[in-house]
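Here's the structure, in structure tokens; my notes come after.
The values are calculated or read from the model by the stated rules, or taken from the named source; none is laboratory data. Only a predicted model underlies this, so the values are computations on that prediction, with no experimental measurement involved. Here the Cβ is made from the backbone with ideal geometry for all residues, glycine too, and neighbour counts use every protein chain on show.
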């Protein structure tokens, strides 16, 4: 599970936030079983399609993108799996 260490960070060059977001992308790849895609872009698109703004004006994801229920929803709806690397 990943964590956002600087909720609502206003520094677009924050290395801690970059690390947190890259870890989220890695976690999505691991749990989807799909490694050859840009999961962070796909995850944002999933929120966009629901009419939900998922980013701050500084480009960082809002804290709820790290929420386990949202991660599982994305994995289920986009990758049709249970979120544990069991892609059909």
### Condition met for residue 15 (at pLDDT 95 or above and buried (at least 17 other Cβ atoms within 10 Å of the Cβ))
no
### Task
For residues that are in contact with a helix residue (DSSP H, G or I) (Cβ under 7 Å, 6 or more places away or on another chain) and over 10 Å from residue 79 (Cβ atoms), scanning just the stretch 30-45, find the one that is surrounded by the most Cβ atoms within 10 Å (Cβ to Cβ).
43
### Message
Give all pairs with beta carbons closer than 9 Å in which a residue from the stretch 54-65 that is buried (at least 16 other Cβ atoms within 10 Å of the Cβ) meets a residue that is part of a strand (DSSP E or B); count only pairs at least 6 apart in sequence or on separate chains.
### Response
54/61; 61/55; 62/55; 65/55
### Query
For residue 23, all conditions in the list (1) surrounded by 14 or more Cβ atoms within 10 Å (Cβ to Cβ); (2) touching a helix residue (DSSP H, G or I) at 6+ places or on another chain (Cβ under 8 Å); (3) part of a helix (DSSP H, G or I) hold save one; what is the number of the exception?
(2)
